[in-house]
Structure formats: structure tokens, C-alpha cells
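The values are calculated or read from the model by the stated rules, or taken from the named source; none is laboratory data. Remember, predicted model here, so these are calculated numbers, not experimental data. As a convention, Cβ positions derive from the backbone with ideal geometry for all residues, glycine included, and neighbour counts pool all protein chains shown. All accessible areas refer to the heavy atoms of the entire protein, side chains included, with ligands and DNA or RNA removed. Shrake-Rupley method; radii C 1.70, N 1.55, O 1.52, S 1.80 Å.
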Amino acid sequence: MSEEIKNTLAVIPHLPGCYQFIDEKGTVIYVGKAKDLKKRVSSYFNKNHEHPKTRILVRNIRKIKYIVVNTEEDTFLLENNLIKQLKPRYNVMLKDDKTYPYIVVKNEFFPRVYKTRNIVKDGSRYFGPYTSVQSVNTLLEIFRKVYKIRTCRLNLTPENIIEGKFKVCLEYHIKRCNGPCEGLQTLEEYNKNIEEIIEILKGNVAIIEKQVQEKMQLLANELRFEEAHELKEKLVLIQNFREKSQVVSNTNYNLDVFSIEEDENSAYINYLHVVNGSVNQAYTFEYKKKLDESAQELLSMGIIEMRDRFGSKSKEIIVPFIPDLKLSDVEFTIPQRGDKRKLLSLSEKNVKQFKIDKLKKAEMLNPEQRTTRILKTLQKDLQLKEMPWHIECFDNSNIQGTNPVAACVVFKKGKPSKKDYRHFNVKSVAGPDDFASMREIVERRYSRALNEGSPLPQLIVIDGGKGQLNAAVESLQKNGLYGKIAIIGIAKRLEEIYFPYDPVPLYIDKNSETLKIIQHLRDEAHRFGITFHRQKRSKSQIISELDNVNGIGPETKKKLLSHFKSIKRIKESNEEEIKKLIGNSKGNKILKWIAESNKK
């Protein structure tokens, strides 16, 4: 396996999409689809394949490309388009050029609604394509039951109906048609039903839900529960299977789609080529910035290069903003809604994924790069003078004022440095006073660091709000370190970041790496402090009672607790068992202590 393939497998996302395997000549030899790109593509290289053809395919792979989409439905459609366009050697070719079905509302009097695989430009409206034929059949059956649309092919012009050329058929007698052929249903009434059907096909199932609910209630009132249940199942199928494709539009668009993402050094541009409503080319590339080029300039360069490379003659180009470019007989469009907006969103999704993957690959080759990037972001968000290579976080812990302790955790280069963690027993504070405890611990920590010449952090994080932060600031002032070390507080409830003497907190994006590293510090300090507090409290509860027994030393205490496991069991044991374990003299002392305890 080549290094390029290893790197691609390491960053390929857990998203639905299509993948392409490319050989040493740069030819696409296989196109596949996947609910989870990472799992599916990795499976080719993680196991021995029984079929010899698959083994040969894998041996010939030199590069992997992939396109992410929004839904599993879209993977079917995109794969279908790519196979027809690229004709890969190892794909099963569709000899009858079979396509996914549409639902058509015919442009005629008393329009029919039916399934088709052929689009005829006669003014009819087409919806789809649908990857589930079951979905199409269910929709059509519901339409026929609820709206009683006709299924015949008769030419129901007003003249023919007036002349009485037609007679009602069996569909009318079994109440599945209202008989427009004999004028028993008006064109206005029929078209009103067709309008509702069109709304449903656009994705608005609320209308049909209401109709079906009424029909189900009527059937239930008539005790026809099986029919009501059958109708309910059909409604569930519609809701589950109805998904509008973004990979294929029901309008015959011929256009190009471009989107762009930037960072400090590069611009990333995605190109989608849409022919007859189908995406059949997708390509993302990177421009290394030379000067201070604007996004408009970079996008213009990308449009020229991609249209020239792929020979595109599309008259419409969808873009996120108007580029610094004029092309003859070409219109630039910034869509706000509809199919074109969804195509632009799909392009933006792919360019963002490409940017993330490039960053991940670079950071895999140079892990220090990721650390530097995260700490630079932290420095920028918190407006720090220095890069925070060394961060320390403090947290207090006590329950109802007992056994007050504190913890200091240390992060170096953005990662926990557990050998530098420290516990503190609070010595000068009586009762639950978090502010005084914080003041004591911070002062002790940095007084010792100064005396020993230990390295100081660039950032101190206090787990608490303004009160704890101000107490810590007082200790730094006392040690002469305030202003030399940055210090912040993080409030527990709303993740507010406080700065000294600033009443207005800073709110950081919940998905940002800055907040994540601060939360990691806070959570680690809390965990470390709580663990120490529990150990201390548990130890004091076990040993304190036996400490009050005169003449009982550490070895005897250890022997009693090892045998009986708890103070409660010692008190419940009998005289013979205790004396047999520790002797008559010490046994009598323990028995006397038990008797006195029981009196209390």
C-alpha cells in the first residue's frame, strides 16, 4: 500500500458518499458508494478478498478520490451518474442504461400521475428521481386511494366529455375514481386535488398526513381496523422513503458550481459540473497563495482553470459571491433557495471536507504543527502576549466543609503532563470558603516555584467565577507575578471566560478548540481533585474511630480491617472471634470500645 493511500485512508470521513479508485495511468477503474466512506474504503485494504477480480482491483489502486453527499439516497444517484460518465473497467455496466424512476404529472386535461423513467419535454412536471421504487409505488397508491385520480389513458377534453364519448369503468364502480370521463367530476375539483399532490411531491407531506388521518379515523369508526392499519403503514413508508435528491435535480440544469475556502497560506476550490440535472464531475484543488490575493481573484482563477481543463461550455455558473471575472455569454448566479442553493451547499460541503482532510494529513506528518495551530488559536482568542505552551489549572474540593483539598493540573504543549500534577491539603482555612482556599493554594504553589526556580506557566486557569479569580489574582500580586502570567476564570454553568477586573465575560464558540482545551483542563482538575478528596475522606472515616482506642497500634488496626473489612463488621463480631485474631489483651480493649460506642 502506497503512502498516498495510507494518508487518504487516515483522513477519509465517516460520511456518506462515492469513492473512485484510480490506477497508475490516472484512469478511474472503479466507482463505489458507501453509507460510511471510511469503513467501506478501508475494508478493501484491511482483509483478504476471496474473489480474484477484487484482489486484482486492489493491486491496481494507486490513488483514491471521494465525494461526500448529504444522504445515503444521494450516494445511489451519484454512483449511477459517475458510472455512466466514466465507464470504469471493474464496474458492472447497465446495458439498458436503466435510470431511477420519476413521478410525472402530465400536462393534459384531468392530468394523470404515474411512474416513468423517460423525461419528455411536453410541459409535464417531473419529480424525483427516487432510489426506492417501493416509495414511488406507495406514493402513487396513496394518491389513488385518497385523491381518486384517474389511471386511464383517455383523451378527456371538454369536447369529448360533452359529446359523451366515454363511459365510466370498473375504477368508478369500486370507488377509486370519481368519473371525470362522464362529467361526474369537474376539472376545477380535479385540478385542486392535483395541486395538493404536487405539494406533497415537493416534500410537504403534512397535507396527505391530514387526509390519511381522517381516512384512518373513518375506517376505525367503522371497525375496519385492518384497512386503517394498512393505510398507516403506507403513510410511514412515505415519511421514511421520501427524500429529495441534491445529486440529481428534476430540472434539466446544465451548469457549473464553484465554492471556495481559505486559510492563511492556501485557497481550496471545489468544482461540480452538472449536465441535464446530474452531477457528473466533482473536483477539488488547492492554490498556494503567493501574494495577498483576494477570494474574488482566487475564485476567478479557479473558474478559468477548471472550465478549461474539463472543457465546460455551461452558460450558467453558481457561485457563493460574484468573482472578479467576466465571461462572454455566461451568467453568474448566487442562489438563495431551491435546487441551485442545494447544489452550492453540496459544493461547499466538499470543499470544507477537502480542507479538513489536507490539514489532518499535514498534522499526521508533523504532529507539532497541530499543537502549534491549537495554541495559536488559544493565544488569539484569549488575547495572550505569549504562546501558552505551559498551562496550569486550579480547582477546590470539599463536601460540607470537610477535608478541604485543591488540585493543580498541568498541560504542556496542549496535553496533560500528569507527572506535574499536584494535590494540596488546605491548611489555613476553616470551613467551606472557596475564595480563601484558592488564595492559599495559588500563593503556596507559586511561592514554592519562585523559591525553587521552577518554570512558570504562561497561562493560569481558575475553575470558578469572578470570586475565585479575584482571590487567585490577590495571591499573584502578593508574589509579584500579576501581569507576568496571564490568568482567567471559567464559570461552570454557562462556560463564561472571565478576565481580572473585567465584569463582562467572554463567550467562546462551543465548537472551538480553545473552549475544548479549557474545558479539558477544568474537567481534569475537577477529576483529580475529587479523587484525592474521596481518598482522604474515606481514609479519615475508616481510621479515625480506631485511632480513639488506646493501646491499638497500626498493625492491629490493619489486621482488624483486613479480616473484618469494615468498622461495622468489627462492631458486629463476637468476643471469641476478636480475641482469636488479636489476643486477649488487645481483644478486651476493642470489646470495651465497642461497648462504649453502642451506648452512644
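First check a/c for the stretch 474-533, with a ≥ b ≥ c the square roots of the eigenvalues of its C-alpha gyration tensor; if it is under 1.5, answer rounded, and if not, answer prolate when a/b is larger than b/c or oblate otherwise. Verdict is oblate for the stretch 474-533.
The amide H of Ser312, built 1.01 Å from its N in the peptide plane, has no neighbour under 5 Å, considering only residues 5 or more places off or on other chains.
Can you tell me the equivalent ellipsoid semi-axes for the stretch 423-480? Use √(5λ) from the Cα gyration tensor, largest first, whole Å. Don't skip to the end; give the middle numbers.
Details: eigenvalues 73, 38, 18 Å².
Calculated on Cα positions only, the semi-axes equal 19, 14, 10 Å.
Per 0.36 nm of contour for each residue apart, how much would the distance between Glu305 and Phe45 grow if the chain were fully extended, relative to their Cα-Cα spacing?
Numbers: separation 260, 0.36 × 260 = 93.60 nm, distance 3.42 nm.
Length gained, Glu305 through Phe45: 90.2 nm.
For the stretch 7-65, the tally of Lys pairs with Cα-Cα distances below 16 Å comes to 9, considering only residues 8 or more apart or on different chains.
Taking the protein heavy atoms of the chain in the context of the full set of protein chains, the accessible area attributed to carbon and sulfur is 49 percent at 1.4 Å.
With a 10 Å radius around each residue's Cβ, average the other Cβ atoms per peptide and rank 56-64, 264-272, highest first. Write out the running numbers ahead of the final one.
Values: 56-64: 15.7, 264-272: 19.6.
Those peptides, ordered most packed to least, come out 264-272, 56-64.
Adding -39500 (n - 2.57) for every DSSP H run of four residues or longer, then dividing by how many residues the chain holds, sets the calculated 222 nm ellipticity at -15000 deg cm²/dmol.
Among the listed values [x] 0.96; [y] 0.99; [z] 1.16, the one computed from these coordinates for Rg/Rh (Cα atoms, Kirkwood Rh) is [z].
Between 0 and 90 degrees, the angle of helix 295-310 with respect to the longest Cα principal axis of the chain falls at about 50 degrees. Going by accessible surface with a 1.4 Å probe and the largest first, Lys579, Lys559, Lys342 read Lys559, Lys342, Lys579.
Using the Kirkwood radius over C-alpha pairs as Rh, can you work out the diffusion coefficient of the stretch 288-425 via Stokes-Einstein at 4 °C, viscosity 1.567 mPa s, in µm² per second? Intermediate results must be reported in sequence, preceding the final value.
On the way: Rh = 20.3 Å.
Using the Kirkwood radius from Cα pairs, D works out to 64 µm²/s.
Using a probe of 1.4 Å on the protein chains alone, the accessible area found for Ile334 is around 70 Å².
A 1.4 Å probe run over the protein chains yields, for the chain, 55 Å² of accessible area per residue, whole-number rounding.
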